[in-house]
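The values are calculated or read from the model by the stated rules, or taken from the named source; none is laboratory data. Quick caveat: nothing in here was measured; it's all calculated off a predicted structure. When we count neighbours, we look across all protein chains shown, and the Cβ atoms used for this are built from the backbone with ideal geometry, even at glycine.
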Amino acid sequence: MKNQHQPVAVEGYPFIGLFAFISLFCAAVGWSCLATIGLGLTAFTVYFFRNPDRHPPADEKAIVAPADGKVIFVGKVPEDRYFDGQEVTKVSIFMNVFNVHINRTPISGKVAAQFYNQGRFFNASLDKAAIENEQAGMLIETASGYKLLCVQIAGLVARRIVTYPVIGDLLERGCRYGLIRFGSRVDVYFPEGVEVITKLGDKTVAGETVMGSLP
């Protein structure tokens, strides 16, 4: 899969190249002010698409955060897509433009199902974003049969969700599995029996922050 070793996500290369070209062009024709702005945009784009290494905890039962950001919701909700309407625990992580936007797999397992819904682009921190915004979901099933659903949700500025795995792929906990450009959110649905320790307002680090534990 992409971006397993690159320091900058490959999805950012076109934007970085564009802003760098604009900066060089403006500098060449003597537009120093515009060249400085272009240089600033280039630097910010490199920063936005940064892709640092992360190290999951040694405990194989630990479920790690799929995204950097702030926890904006923790609670019980019915889940109709893969949990037959049962009440499960949902945790929502909001990523602002200053967070790392590479998403990581919370648990090791097989991609059992996926979905993609076109939608609108409300602010990702709003409740209705989970229903009406563009989103892509991935159901991961562990070797012992536990299932966990991750849903990438586009935000107010985000206009593209990227998910690398396909159904049947085997994923390792903490591996990079996608990203969302320019501000977004990831919802995680935990099955019954999983201990969730994440609290409202917590700051998360993808691939490292422990959100819960498998039985």
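Return yes or no: is residue 14 in contact with a strand residue (DSSP E or B) (Cβ under 9 Å, 6 or more places away or on another chain) and modelled with pLDDT of 85 or more? So residue 14 fails the test. In this structure, residue 55 qualifies as touching a Gly at 6+ places or on another chain (Cβ under 8 Å), closer than 15 Å to residue 204 by Cα and not hydrophobic (A, V, I, L, M, F, W, C).
Conditions tested, residue by residue: (1) at pLDDT below 90; (2) assigned by TED's automatic domain parsing to the domain that holds residue 196.
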position	(1), (2)
21	no, no
30	yes, no
34	no, no
42	no, no
53	no, no
72	no, yes
80	yes, yes
85	yes, yes
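Pairs meeting the criteria (first residue in the range 12-33 and closer than 18 Å to residue 101 by Cβ, second residue buried (at least 18 other Cβ atoms within 10 Å of the Cβ) and aromatic (Phe, Trp, Tyr), beta carbons under 9 Å, at least 6 apart or on different chains) are 12/48; 12/49; 13/49; 15/48; 15/49; 16/49. If you go through the range 82-109 and keep only what is within 14 Å of residue 148 (Cβ to Cβ), touching an Asp or Glu at 6+ places or on another chain (Cβ under 6 Å) and part of a loop (DSSP other than H, G, I, E, B), you end up with just 108.
Taking only pairs six or more apart or across chains, which ones have beta-carbon atoms under 6 Å, a first residue in the range 34-55 that is closer than 30 Å to residue 172 by Cα, and a second residue that is part of a helix (DSSP H, G or I) and of a type in the set (A, V, I, L, M, F, W, C)? Pairs found: 45/15; 45/16; 45/19; 46/16. Would you tally the residues in the range 55-80 being closer than 12 Å to residue 189 by Cα and in contact with a Phe, Trp or Tyr (Cβ under 7 Å, 6 or more places away or on another chain)? Adding up the residues that qualify gives 1.
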